[in-house]
Amino acid sequence: MDYFLITTSLLKIAAILFLVILPMVSYSVYAERRVSAFIQDRRGPNRVGPAGLFQPIADMFKLLLKEDFTPANVNTFYYWLAPCLAMMPAIITIAVVPFGSTLFGVPMVIADINVGILYVFAIASLGVYGIVLAGWASNSKYPFLGGVRSSSQMISYELSLGLAVIPIFLLVGNLRLTSVVRYQIEHGWMIAPFVGDWLNPWKWLLAFPMIISFVVFAIAIFAETNRLPFDLPEAEQELAGGYHTEYSSMKFALFFLGEYAAMITGSAVIVTLFFGGWHLPLPSWHGGFHWALVDGSAPGWRGVVGGLFNIATFFAKVAVLLFFFIWVRFTLPRFRYDQLMRLGWLFFFEIALVNIFIAAIILAYVPS
Amino acid sequence: MSPLLFWPFALLMLMFGVAVVINRNPVASALSLVVSFLGLAALFMSLDAYFIGIIQVLVYAGAVMVLFLFIIMLLDLRAEEGRQVNWLALIGGIAVALALLAQILYVIHNLKSAHQAFPPLARSTFDDVRNVGLLLFGSYNLPFQIIGVLVLVATIGVVLLSRREPR
Amino acid sequence: MAVTVSRPRLNWRERMYLPAIVAGLAITLKHFKNMLLGRTKVTMQYPEEKWDSHLPDHYRGAPALVRDSDGRVRCVACQLCEFICPPRAIKIIPGEIPSTDQFAKVEKYPEEFDIDMIRCIFCGMCEEVCPEQAIYLRKDYAITGFTRADMVHHKEKLLEIGGVMHGVVLKWNEKK
Amino acid sequence: MVTLGDYLIVSGILFAIGFAGVMVRRNLIVILMSLELMLNAANLSLVAFSRFHVQPSGLPDYNAQVFVFFIITVAAAEVAVGLAILVALYRARQTTDVKDITSLKF
C-alpha cells in the first residue's frame, strides 16, 4: 500500500476538519448572529471576549451542559440516529473539493476522484435522511410536517441543482473538480473569464449561460441547505422549528451545526465551480501587464507561502459566500409551500434545461 | 478488490437486505434498503465501476428511497400489527426462494471462470464516465433515446395516476 | 360585508421579482454598512451605560423608607401601606416608642418593615397612601439576589436606599 | 483472493432475498422494495462480469455498465409508477396489503 498517500490523506482530513471546517461552522453561527444584528440595527453578541469572538466557545459549553432530553413515545433508535445523519453528509462532501493548490508537493484535495461532482450530489442527497428521520422519529406533528416537506423539497431542487452544472462540464469535459479549477486557471473564472485571452468574445458569450447556471445553482443550494427563503422544513413561525422541535442539547446542536456545515460545503462547491476555486490572479507588470499565478509549485518557502495563500484565498471566497447566505436570509421573506414547489418545478427546472441547450449551441456552432 | 473490503461490504449489504424483508415497520425497511444500496455501491466501486457506484448512490439512495420514505410518511403507514401468519405461505415462499438460490449457486459452481480471479487492468485510474458516455451516445444511442421516451411516458403516467378525480 | 381586495396585476418586470430582490438586498446592506461605520444609533449597552442620569423624576423604582434631616425614621407604622399594597408585598410589625424617649410624641415606630421585592409591582400605591410621606419609590431598578430571602428588603436596607428627605414633617412638630 | 464466483454468489443470495421478500411479504411497499433488491442483484453480477471481461485495451467491458445504467433508469421509472399506483390504490381502499386488494375492478 501507498503509505505516503494514506498518511497525507489522514493529515489532510484531520487538518481540514478540525482546523478549518469545525471552527468555520461554529464561527459561521457567530457570524450569522452578528451580521443579522447589524442588518437589524442591533449589536449582536459582543460580551464574551473581544467583540464577542469567544461566543462560539460559550455556546458550545452551554449546549454540552444542557440536559439531553429524550421525549416519551419517540422511536428512540432513529431519534438518536437522525442528528448524526444530519451532520455527516455535509462534512464528507468536502472530501472532493480542492481547497488549495499544493503544499510541500502534496495536492490540497482529499480525494481527487473522476466522478467528483456526482459524488457531491450523491452525498448531498443523503443529507435529507437526517431531517426526514428526525421528523418521523419524533412522533410529533410539527416535526413530521417538517420532515415530509423537506423530503419533497430536496427531491425537487436536486433536479435543478444537477442540471445547472451541466454547462460547466460541457465546457470542461470532465467531472473531476480539480479539472474544473485547472480549466478556470487557464481560461478565466466561469462567470468572469478575465484571465488568459480575455478579449475573446466567445468566452464572454459563454459566460452568459454560466451566469444563469450560477444563479440557478446558488438558489438550489439555498433550497438544499434549508436556508431562508426556502426554510420551509424548519419554519419557526408555522412549524415551531420543524424537524428539530423535539430535540435538545447536543442533538439539537448537531442539526444546527449540520445546517451550517452544509452551507459551507455548498459555498465551497459554488466557489470551485464558478469562482475559480483557490485561484486568485495577481496583477503583474513584468514586461507588460499580465496576471501572475500564485500556487504551491514554486521551490522552497515561496511554494509554501503560495500554497498557504491559495488555501486562504479559497476560504476567503467561501466566507464571502457565507456572508451572502446570511445577507439573503435577513432580507427575503419565506415562500409559501406551493410557491416553493412551483418555483422549483415550473421555473428553475426549465431555466436549467434551456440553459444547457444555450451552452451546447454556443459550444457547437459558435466558432471560438 | 481486496477481501478486506469485499467481505465486510458484502455482508453489510446482505444483512440489511434481509432486514428489508423481515422488518415489520416500512420506514425501517426503507432505511435498511438505503444501507444495503450503499453497501452495493461500495461493491461496485471495488469493481472499478466508480460511475455506476456513484449513480447507484445518487439515484437509489438519494432519490428513489427518499420517494419511498415520502410515500410511506404521506400514507402514514405504521408497523403492521401481528396478523394471523399464514405459515404455509411463509414456508412455501422461503422454500421457493431457497430452491432458486440453490439453482443459482449450482450454476455458479459449475461455471469455470467463477473460480478465477479478476484480471488486472491496464491503468489504475481511468475516466470511466467518459467511456460509459461514449458507448451510451454511440452504439447505444437508440436504446438511450427509447429510455428517454420511457421516462417521459412514466412521468405522464404518474401525473395521471396521482391526479385526484374531480368529484 | 366582505370586501374582496383584487390582487394587483404585475407587469413583466415586476413579475421577475429580481429588481425587488436586489433592492431589498441593497437596503439590508445599507443597514449593515451604517452599523459597521458606527452611524446607526443603537440601544443602550446596559451594564456599561446606565439609565441613572436619564431617569425621569416620576420614575417608580424600588420603594424605600426615608429619614428626615434629624435622622429620625419618618414611618409611624400606621400600616396603611400594608393594607393598600395590591400584591401584599409589605409586612410591618409596629413597636411602641417608650414615653421616656426624646421623640415620644409619636407612639409607634416600625420594628420590622419588610418589602418582598419578588412580589412588589412598583405601583406606587404605598407612596400615595402614606400620610407621613415616609415611603417613596426611588430610582433603583436593578434589584437582584441569589435567593428568595435576598430579595426581601428589610428595614435597614430600605432606609439605606431611601436616604434623607429634607423638609418640614408634621408629626414631630410640637405645636400640632 | 476474491474471485468472480464470490461476487456472483453474493449477487445470487441478494436475488434470493429479494425473491423471498416478494413471495412472503404482503405489504405492497415492501414488495416494491424487494423488487429493487432483485434488480440490484442483477446489476451486481453485470458489473462483476464487466470487470471480469477486460478488453484488449486493458479496460473493463463497458457494455455491461451501460446495461446497468439502463436498468437503474428503468427501475427509477418503475418505482415512480409503482408508487403512484400504490397511492391511487390507497386512496381507493385505505390499505397497502395485497390480501385486501382482491377485486379486479375499482
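A few comments on the model shown:
- Measuring heavy-atom accessible area with a 1.4 angstrom probe and counting protein chains only, the residues of region D:22-37 that give up at least 20 Å² relative to the chain alone are D:Met23, D:Val24, D:Arg25, D:Arg26, D:Asn27, D:Ile29, D:Val30, D:Met33, D:Glu36, D:Leu37.
- Averaged over its residues, chain C has an accessible area of 72 Å² per residue, based on protein heavy atoms and a 1.4 Å probe.
- Backbone amide hydrogens, once placed in the peptide plane, bring A:Asp68 within less than 5 Å of nothing, excluding anything fewer than 5 places away on its chain.
- Working note: Karplus 6.51/-1.76/1.60 with θ = phi - 60° gives region D:91-99 the couplings 5, 7, 10, 6, 8, 10, 8, 5, 5 Hz, where Gly and Pro are set to x.
- For region B:115-167 versus region A:108-134, the gap between their alpha-carbon centres in whole angstrom: 21
- Loss of accessible area when C meets A, both sides summed, Å² nearest 100, probe 1.4 Å: 1400
- Per-residue average of Cβ from other chains inside 10 Å of C:19-28: 3
- Listed values for region B:4-13 are Karplus-derived 3J(HN,Hα) couplings in whole Hz (6.51 cos²θ - 1.76 cosθ + 1.60, θ = phi - 60°), namely 4, 9, 5, 5, x, 5, 5, 5, 4, 4, and x replaces Gly and Pro.
- Protection-proxy order for peptides A:276-283, B:112-119, each taking the mean of Cβ atoms within 10 Å per residue, highest first: A:276-283, B:112-119
- Atom-type composition of the exposed protein surface of region B:1-140 places 70 percent of the accessible area on carbon and sulfur (1.4 angstrom probe).
- Burial of 30 Å² or greater, region A:1-45 residues [accessible area, probe 1.4 Å, versus chain by itself]: A:Phe38, A:Ile39, A:Asp41, A:Arg43
- Protection proxy ranking, peptides C:75-87, B:3-15, B:149-161, average beta carbon neighbours within 10 Å, highest first: C:75-87, B:3-15, B:149-161
- Chain A - percent of accessible surface contributed by carbon and sulfur, probe 1.4 Å: 73
- Near the amide H of D:Gln55, within less than 5 Å, lie the amide hydrogens of D:Asp61, all on another chain or at least 5 residues away, with H placed in the peptide plane.
- Percent of beta bridges antiparallel (DSSP, the protein assembly as shown, rounded to nearest 5): 95
- Counting only protein heavy atoms and a probe of 1.4 Å, the accessible surface of chain D is 69% carbon and sulfur.
- For the protein assembly as shown, cysteines whose Cβ has no other cysteine Cβ within reach (under 4.7 Å): A:Cys84, C:Cys75, C:Cys78, C:Cys85, C:Cys120, C:Cys123, C:Cys130
- Once the 1.4 Å probe is applied to the protein heavy atoms, region B:88-152 comes out at 66 Å² accessible per residue.
- Take A:73-82, A:304-313, A:177-186 and order them by the average number of nearby Cβ atoms within 10 Å per residue, most first; the result is A:177-186, A:304-313, A:73-82.
- Residues in region C:29-39 carry Karplus couplings, in order, of 5, 5, 4, 4, 5, 4, 5, 5, 7, x, 8 Hz; the curve used is 6.51 cos²θ - 1.76 cosθ + 1.60 with θ = phi - 60°, and Gly or Pro positions show x.
- Estimated buried accessible area (total), pair A and B, 1.4 Å, Å² to nearest 100: 2200
- Axial C-alpha extent at least 30 Å, average Kyte-Doolittle at least 0.0 - helices from chain A (DSSP): A:116-137, A:141-164, A:201-224, A:249-274, A:300-329
- Mean-position separation - Cα centroids, region D:1-53 and region A:284-326, in angstrom: 50
- Buried surface for the B/D pair, taken as the accessible area of each chain alone minus that of the pair with a 1.4 Å probe, is close to 7100 Å² in total.
- Environment charge at B:Phe68 (Cβ cut-off 15 Å; Lys +1, Arg +1, Asp -1, Glu -1): -2
- Minimum 50 Å² accessible area buried by the other protein chains, region A:320-355 residues, probe 1.4 Å, relative to alone: A:Trp327, A:Thr331
- Average beta-carbon neighbours from other chains, 10 Å sphere, peptide A:167-177: 1
- Accessible surface computed residue by residue for chain A, with neighbouring protein chains in place and a 1.4 Å probe, gives 43 Å² per residue.
- Taken residue by residue and averaged, Cβ atoms of other chains lying within 10 Å of the Cβ of C:35-43 number 3.
- Value of relative contact order over chain C, rounded to a whole percent, pairs C-alpha under 8 Å and six or more apart: 26
- Ellipticity at 222 nm from helices only: DSSP H runs of n ≥ 4 in the protein assembly as shown, each -39500 (n - 2.57), divided by the residue count, give -19000 deg cm²/dmol.
The values are calculated or read from the model by the stated rules, or taken from the named source; none is laboratory data. Small disclaimer: the values here were computed from a predicted structure and weren't measured. Note that we place each Cβ from the backbone using ideal geometry, even for glycine, and neighbour counts take in every protein chain shown. Only protein heavy atoms, including side chains, enter the accessible area calculation; ligands, DNA and RNA are left aside. Shrake-Rupley method; radii C 1.70, N 1.55, O 1.52, S 1.80 Å.
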